[in-house]
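*Asks:* The structure under discussion is supplied below as structure tokens; questions concerning it will follow.
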Amino acid sequence: MTLSVARRRIIGWSLALVTTIAVLVNQREIGIARDEVVYMQNGARYADWWIGLVTLQHGIDATQITRTFGGPGATDNNREHPPFVKTLFGISHRVAHRGLGVDEVSAYRVPSAVLHGLLVALVFFMVVELWGFAEALISGLLVMLLPRALFHASLACFDAPIMTMWFATVYAYWRCLDGRRWPWQVGVVFGLALATKHTAFLLPFALALHYAIVSYRAGGWRGLVLHRWRVAISLAVLGPLILIVAWPWLWLDPIGHIRQWLTFHTDHVHYNFEYLGRNWNAPRFPWHVALITTLFTVPVSTLSAAVVGAWVWIKQRAQSVDRARAPALLLGLSAAASIGPFLLGTTPIFGAEKHWMPALPTICIAAGVGVVWAARAALRFVESWRPLAPRWQLATIGGVATLVVLAAAVETVTAQPYALSWYNALAGGAPGGADLGMNRQFWGSSARGVLPVLAEHAPPAGAPPRPVYTHDASPAWGYYLKQGRLPRTLPDAGWEQAGVAKSQLALVIHERHFNRHDFMIWKSYGTVKPIFVLRAAGVPIVSVYQRSASPRVSP
Amino acid sequence: MSAIGEATSPPAPRRKLGLASIPAALLVVIAVWEIAATRCAATSVPDDAAWERAARAVRAGYRPGDLIVFAPEWVDPVGRLHLGDLIPLEMAARMDAARYGRIWELSIRGARSPDTRGLTPAASEHHDGVELRRYERPPAVVVADVRDRFGAARIEGGGRASLELAEVGFAPHRCIQVVPRPGAPTRVTFAQLPVGSELVGYVGIADVFTRRDLRIPGTLEVEIAGKIVASVSAGIDDGWLRFAVPTTPGTVDVTFIASVARLSPTKPQPDRLICFAAEARR
């Protein structure tokens, strides 16, 4: 099937629109993640600063820049993360919430949703040009139907956006290898990726190796220097330049502040994370964390098809498509650069798949190629017995593709809205993941699911408030109250022992290292009996306790 | 660009074509299995109605002092939701299960609680996925529990000691928590402790965050009548470690000596929270 450029564009952007809508619908059921609050609040201030600058309300002032984007402390004004996507969150908040009346949290999350749609479109555009329409459509749909990625795209955080910006850089780089005179696009997109998340610094490892291979192939040692040298210059010059332009804090001391930014991440504290039954909070981590986690968090059919696709790429490498630009090699290196650091045993593993999500487009593209290759191979076998009419050919390929996509869809629908507790069918779903001792969740967003239960225990208006011990949901509590999901008579009780002591209700978000919250509550409330346990596919994710009138003395 | 249904390869032998069609068949089988397995997994855990039926059966046969346990460990909150009123704090934060003669185990997915390991059920029932088993065995007879006598203990060496409900190895334990000064052991002495034929105890490092921040073990030594009879080095990932020493029935001074190494003569180091519990058993 040959499609005109216009039709390709219509289909690609339609996929993007559907994806964006799917994310926006999905996010309505997802609670606020702990760090998301920080990104939303800082993003609003960054946007205000930029809007103030372009509307000439203020100039460029070092003190004001520091107060908005920097500061002496390592986490002042969230300076440990670059501002590009946060600024988009802030602008979206102004436009969608203040301007159009969209609810506040959804407004902050719109850019992530749009960028996720963009990712699907870019995957479609690249694949349709290289391998064909069927492969492109399947690849795009499989990116859309990644359960964990859909969850992350539903938050105002960086993990889904960096997946998009990473892939956008790969796509732009591949396009710019066509010999164009001014390949500025790749530098700009790479700069925006750097201004999204520090993990973009891994991209040059993939691009440099790929560039070395294709340029050596094109012109030997001489080619290493002269083949598409403008692309390398664009990446090396425009990339950092765009990062600096997008981040006013760097204007004050580019080298020093970049060093501070990266030092924060190289010295980052290791958060607790459960993996295969053990709580990990210090290196050395098992080398297989990224591989096993990916094995359990990407739909099995997608992974299986990706194995077929990768095998096809390797087997047919001599006569591969677009051999001069070696796109399959580029995609493989992109995935390797993203996931590779987690094989070292020293890279922090908390957050798991969200940190190597840029590997996922490669998996989905390989899957798209694999599905179509496998279906065509089966078709040839059938036709060796009896030729089929074109509609039956189409039905054969469509049938295999539909089943693979449907399996991913079923996993994705099942996973939401507690996708961090979900594991694929190979792991046995959420219960299987719990049996295996895989991480239950993080960031506390599942607390949203117990808000109706807490609201039922709220005192009537005018009665004394009943403070709630919320631990990791604490940063989100203000938004939940503001959104009206909780009555004002259920304020946050505060942190740790003092918070528990002050509270009348308490919740525990179940992670292995959060068991201590249960024990603090038992001791203070004099009971081990929760009044409610929220479950994802039967697996406990949040418990709610209520202080009784006459607690027993403990310990 | 290739097209749907387009055969791009030259004609090949049918056997080879047959082999090449295996991936498609596998993908179809895997996808169908995944669709079914995903839905099955999502509904495979017993619901509240099943738990309520099992809980009713427990309540019908429950006697005060019976231990109630749940398996696997991750379903514990659901078990406590239905039967938590029958689980006092002391039981939830027990040293071990030896003093309980009757144990009710509610389990799902074929799991067993470590507390019933090696025991044969006296009775068992099935309640829509919740397996209820009752175990009966002669309980350990406790002559003295050091935690109950903590108020009379003598603490020496400059460290702190308190009775806590602490997290040790991610499990709750009611224990004596000692925070020794680095390089200077803290002694907790129980004078004239009644003992039977065995002193059984457990030790572990409390608090996940101090386990992360200070990655050296803590040591607990047991001294009876002036002689060290046991020494346990509890590492950060060791959990709740058992120790046992034979004793001669009577009364005797028992001292628990907790210590942690000093890493640097000048730099301060995080507290090492060494938690222990011990029972003198007949």
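*Asks:* Which of (1) out of contact with any Gly (no Cβ under 8 Å at 6 or more places or on another chain); (2) modelled with pLDDT of 95 or more; (3) within 9 Å of another protein chain (Cβ to nearest Cβ) does residue A:450 not meet, given it meets every other one?
*Replies:* (3)
*Asks:* Only residues in the range B:74-93 that are free of Cβ contacts under 8 Å to residues at least 12 places away in the same chain and farther than 20 Å from residue B:174 by Cβ count as the first member; pair them with residues that are hydroxyl-bearing (Ser, Thr, Tyr) and surrounded by fewer than 22 Cβ atoms within 10 Å (Cβ to Cβ), Cβ under 9 angstrom, at least 6 apart or cross-chain, and list the lot.
*Replies:* No pair meets every condition.
*Asks:* Let me ask something else. Which helices (runs of 4 or more DSSP H) sit wholly inside the range A:458-555 and have at least 2 residues that are within 14 Å of chain B (Cβ to nearest Cβ) and within 30 Å of residue A:436 (Cα to Cα)?
*Replies:* Numbers: elements: A:474-482, A:496-502, A:515-525.
It comes to A:515-525.
*Asks:* So if I check each of A:55, A:87, A:20, which one is of a type in the set (S, T, N, Q), over 30 Å from residue A:271 (Cα atoms) and under 21 Å from the mean Cα position of the chain (by Cα)?
*Replies:* On the way: A:55 fails: under 21 Å from the mean Cα position of the chain (by Cα); A:87 fails: over 30 Å from residue A:271 (Cα atoms).
The conditions single out A:20.
*Asks:* Report yes if residue B:239 is within 14 Å of another protein chain (Cβ to nearest Cβ) and either assigned to a strand (DSSP E or B) or surrounded by fewer than 14 Cβ atoms within 10 Å (Cβ to Cβ) (or both), otherwise no. Don't jump to the end; show me each part of the working.
*Replies:* On the way: within 14 Å of another protein chain (Cβ to nearest Cβ): yes; either assigned to a strand (DSSP E or B) or surrounded by fewer than 14 Cβ atoms within 10 Å (Cβ to Cβ) (or both): no.
The answer is no for residue B:239.
*Asks:* In addition: With the requirement that a residue be at the interface with chain A (Cβ under 7 Å from one of its Cβ atoms) and of a type in the set (A, V, I, L, M), what does the range B:27-39 give you?
*Replies:* B:27, B:28, B:30, B:31, B:32, B:35, B:37
*Asks:* Which ones in the range B:264-282 are surrounded by 14 or more Cβ atoms within 10 Å (Cβ to Cβ) and either more than 30 Å from the chain's Cα centre (by Cα) or basic (Lys, Arg) (or both)?
*Replies:* Result: B:272, B:281.
*Asks:* Filter the range B:72-105 down to the residues that are more than 11 Å from every other protein chain (Cβ to nearest Cβ) and either over 30 Å from residue B:143 (Cα atoms) or surrounded by fewer than 20 Cβ atoms within 10 Å (Cβ to Cβ) (or both), then identify the one that is nearest to the chain's Cα centre (by Cα).
*Replies:* Once the filter is applied, the top-ranked residue is B:96.
*Asks:* Here's a follow-up. Which ranges mark the strands (runs of 3 or more DSSP E) fully within the range B:141-196 that have 1 or more residues being of a type in the set (Val, Ile, Thr) and within 13 Å of residue B:275 (Cα to Cα)?
*Replies:* Numbers: elements: B:142-145, B:154-156, B:160-168, B:171-179, B:186-195.
It comes to B:160-168, B:171-179, B:186-195.
*Asks:* So, in the range A:1-48, how many residues would count as being under 17 Å from residue A:96 (Cβ atoms), out of contact with any helix residue (DSSP H, G or I) (no Cβ under 7 Å at 6 or more places or on another chain) and of a type in the set (S, T, N, Q)?
*Replies:* Matching residues across the range A:1-48 total 1.
*Asks:* I would also like to ask the following. Looking only at the range B:212-270, which residues are over 15 Å from residue B:159 (Cβ atoms) and basic (Lys, Arg)?
*Replies:* B:212, B:215, B:227, B:242, B:267
*Asks:* Scan A:388, A:394, A:403 and give me the residue that is facing chain B (nearest Cβ under 9 Å) and under 21 Å from residue B:37 (Cβ atoms).
*Replies:* Values: A:388 fails: under 21 Å from residue B:37 (Cβ atoms); A:394 fails: under 21 Å from residue B:37 (Cβ atoms).
Unique residue meeting the criteria: A:403.
*Asks:* Which pairs do you get when a residue that is within 17 Å of residue A:87 (Cβ to Cβ), found in the range A:56-75, comes within reach of a residue that is assigned to a loop (DSSP other than H, G, I, E, B), reach meaning Cβ atoms under 6 angstrom, with the pair 6+ apart or on two chains?
*Replies:* Listed pairs, sorted by first residue: A:70/A:79.
*Asks:* Do we find a residue being under 33 Å from the mean Cα position of the chain (by Cα), of a type in the set (Lys, Arg) and at pLDDT 95 or above anywhere in the range A:460-479?
*Replies:* no
*Asks:* Looking at this structure, is residue B:259 more than 19 Å from residue B:169 (Cβ to Cβ) and small (Gly, Ala, Ser)? Break it down into steps so the answer makes sense when it comes.
*Replies:* Details: more than 19 Å from residue B:169 (Cβ to Cβ): yes; small (Gly, Ala, Ser): yes.
When the stated conditions are applied, residue B:259 passes them.
*Asks:* Take the residues of the range A:495-504 that are more than 18 Å from residue A:463 (Cβ to Cβ) and surrounded by fewer than 18 Cβ atoms within 10 Å (Cβ to Cβ): which is farthest from the chain's Cα centre (by Cα)? Show your work before the answer.
*Replies:* Let us first name the residues in the range A:495-504 that are more than 18 Å from residue A:463 (Cβ to Cβ), namely A:495-501.
Retained after the next criterion (residues that are surrounded by fewer than 18 Cβ atoms within 10 Å (Cβ to Cβ)): A:495-498, A:501.
Values: A:495: 29, A:496: 30, A:497: 33, A:498: 35, A:501: 37 Å.
Among residues in the range A:495-504 that are more than 18 Å from residue A:463 (Cβ to Cβ) and surrounded by fewer than 18 Cβ atoms within 10 Å (Cβ to Cβ), the one farthest from the chain's Cα centre (by Cα) is A:501.
*Asks:* Okay, moving on. Report yes if residue B:228 is free of Cβ contacts under 8 Å to residues at least 60 places away in the same chain and in a loop (DSSP other than H, G, I, E, B), otherwise no. Talk me through it step by step, then tell me what you get.
*Replies:* Details: free of Cβ contacts under 8 Å to residues at least 60 places away in the same chain: yes; in a loop (DSSP other than H, G, I, E, B): no.
No: the conditions fail for residue B:228.
The values are calculated or read from the model by the stated rules, or taken from the named source; none is laboratory data. Given the structure is predicted, the values throughout are model-derived calculations rather than measurements. No Cβ is skipped: glycine too gets one built from the backbone with ideal geometry, and neighbour counts run over all protein chains shown.
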